[in-house]
Amino acid sequence: MTARSPAKRVHIKSYGCQMNVYDSERMADVLRPLGYGLTDDPEGADLVVLNTCHIREKATEKVYSELGRIKAMKLRKAESGGEMLIAVAGCVAQAEGAEIIRRQSAVDLVVGPQSYHRLPELIARAHRANGETLAADFEAQAKFDALPVDRGDTGVTAFLTIQEGCDKFCTFCVVPYTRGAEYSRPSGDIEREARVLAERGVREITLLGQNVNAFANDEGGGLAALIRRLARIPGLARIRYTTSHPRDMDDDLIAAHGEVEALMPYLHLPVQSGSDRVLKAMNRSHTTDDYLKTIERVRAARPDIALSGDFIVGFPGETDADFEATMSLVRDVGHASAFSFKYSRRPGTPASAMAGQVAEEVKIERLARLQALLEAQQRAFNADTVGRTVPVLFEKPGRHAGQVVGRSPYLQAVHCPGGLDLIGKIAPVTIKSSAHMSLGGERAMEIA
Ligand code: SAH
Ligand code: SF4
Ligand code: F3S
């Protein structure tokens, strides 16, 4: 008998949004006391967790094909007398529950996004091959209360979930069903976690929520008050937040963009469509005019703000004219970056049963046109930075030796000659070149 239990290896793969990335890191935190160390390679691992996304049909399908691959690994391990547990976590777990085990019997346990603090108990039951191995409760608070205060290895930047769930019920979207009702964490808990991260060398925190700007601050003052509070933490140089809903951009949050130095000039504010008729059918609770007025107010507070967003093309009933309205809105706004998707019919959502489903070829054609326009805008935004000197927070080594990569305040990736000592530091960089997704530059002065 050895004094210590042998190290176990867990492979966690994240799909979908940043909230899943955060959850995957927290799962690792929950599993660490059980002796699990992270591995990049699922082959031979003791536990494989797929932290899944349900947002579009393709995302869900990917999970089942990956499960087939992992099953083969599980069988190989069993042949050599070993054991591999397979866990499905995340939004597919919540949406499909026990159906996953019926479809893929190699799966040992299923755990929803609000229940992964229970992984140790579920793993113990799965080992004994008895008892309930499905956890899909909707108690966000119980989860956060149960998570360890400490965090595992952190880099220069970190995600911090402050809000979960959604009460908005856009007619195309599964999130209200997979993540549950809106829940905001207590500010004191958030500050404690942010301080732990800053003490570990994190310089930039991105506050996360499905509707992060609907954050209900238990101490009053909404998201803006939280940002002002976190901005005082020593070492923390940059704060970002995502994803916001146009309806919840209040005056104080907009003002904070002009006042809080640590709050970065980047705003991801999805509008989805440029047609009011479509927005109404989507139950977005804002019009294009509301959105444009919000953008105007944000730009008045912070003229250089980089705007990002999400768009859906081919929503049921979307006509050529509706789509042209989206193109025209995009032309008017000018985006630094954006995500765009073909509408995907999700079971159980109101839009999936709507008349006027748009043909696949039409969606493909519209998406290609929209993406070409968004790409041109991104290239133009990046090209505008050339010649300017911007502060870059260096995050990691570049692909080439003697090169480091960081981010500008506008979230652009910046490649720059320099040593690894720069990682974690903010230095002024003069931008020399630009492409679709990144910038190249040279350090302008000494490190800040
Ligand atoms: N809470 C955020 C979005 C979360 S989902 C918001 O309200 O903006 C991320 C993005 O996925 C959405 O903004 C939307 O553009 C896209 N999306 C959601 N459901 C979709 C569906 N059924 N088909 C295609 N895209 C979808
Ligand atoms: Fe989905 Fe709409 Fe909620 Fe965003 S606001 S998560 S798109 S239902
Ligand atoms: Fe996907 Fe769930 Fe995020 S459905 S986008 S992982 S909230």
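Computed values, structure above
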quantity	calculated
Among residues of the stretch 98-111, those that are buried (at least 16 other Cβ atoms within 10 Å of the Cβ) and either closer than 17 Å to Leu31 by Cβ or modelled with pLDDT under 90 (or both), counted	4
Residue that is farthest from ligand 3 (Cβ to nearest atom) [pool: residues in the stretch 77-96 that are over 16 Å from Ser14 (Cα atoms) and in contact with an Asp or Glu (Cβ under 9 Å, 6 or more places away or on another chain)]	Gly82
Filter result (within 16 Å of ligand 2 (Cβ to nearest atom) and out of contact with any Asp or Glu (no Cβ under 9 Å at 6 or more places or on another chain)) within the stretch 53-76	Cys53, Ile55, Arg56, Glu57, Ala59
Strands (runs of 3 or more DSSP E) contained entirely in the stretch 274-359, each with at least 3 residues that are surrounded by 20 or more Cβ atoms within 10 Å (Cβ to Cβ)	306-308, 310-313
Filtered residues of the stretch 236-263 (kept if of a type outside the set (Asp, Glu), touching a helix residue (DSSP H, G or I) at 6+ places or on another chain (Cβ under 9 Å) and not in a helix (DSSP H, G or I))	Leu236, Ile239, Tyr241, Thr242, Thr243, Ser244, His245, Met249, Val260, Ala262, Leu263
Cβ pairs under 7 Å, 6+ apart, first in the stretch 171-195 and within 24 Å of Met354 (Cβ to Cβ), second small (Gly, Ala, Ser) and surrounded by fewer than 19 Cβ atoms within 10 Å (Cβ to Cβ)	Tyr177/Gly348
Any chance Lys143 is more than 18 Å from the chain's Cα centre (by Cα), within 15 Å of ligand 3 (Cβ to nearest atom) and closer than 30 Å to Gly201 by Cβ	yes
Hits in the stretch 350-383 (condition: at negative phi and small (Gly, Ala, Ser))	Ala351, Ser352, Ala353, Ala355, Ala359, Ala368, Ala372, Ala376, Ala380, Ala383
Some residue of the stretch 392-403 being crowded, with 19+ Cβ neighbours inside 10 Å and over 24 Å from the mean Cα position of the chain (by Cα)	no
Any chance Arg4 is among the basic types (Lys, Arg), out of contact with any strand residue (DSSP E or B) (no Cβ under 9 Å at 6 or more places or on another chain), modelled with pLDDT of 95 or more and more than 24 Å from Thr171 (Cα to Cα)	no
Single residue of the stretch 133-148 satisfying the filter (outside any strand (DSSP E or B) and in contact with a Lys or Arg (Cβ under 7 Å, 6 or more places away or on another chain)) that is surrounded by the most Cβ atoms within 10 Å (Cβ to Cβ)	Thr133
Test for Leu267: is it aliphatic (A, V, I, L, M), within 28 Å of Ile239 (Cα to Cα) and outside any loop (DSSP other than H, G, I, E, B)	yes
Sole residue being more than 17 Å from Val174 (Cα to Cα), under 21 Å from the mean Cα position of the chain (by Cα) and surrounded by 24 or more Cβ atoms within 10 Å (Cβ to Cβ), chosen from Val92, Val88	Val88
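The values are calculated or read from the model by the stated rules, or taken from the named source; none is laboratory data. The structure displayed is predicted, hence computed values, not measured ones. We place every Cβ from the backbone using ideal geometry, glycine too, and count neighbours over all the protein chains shown.
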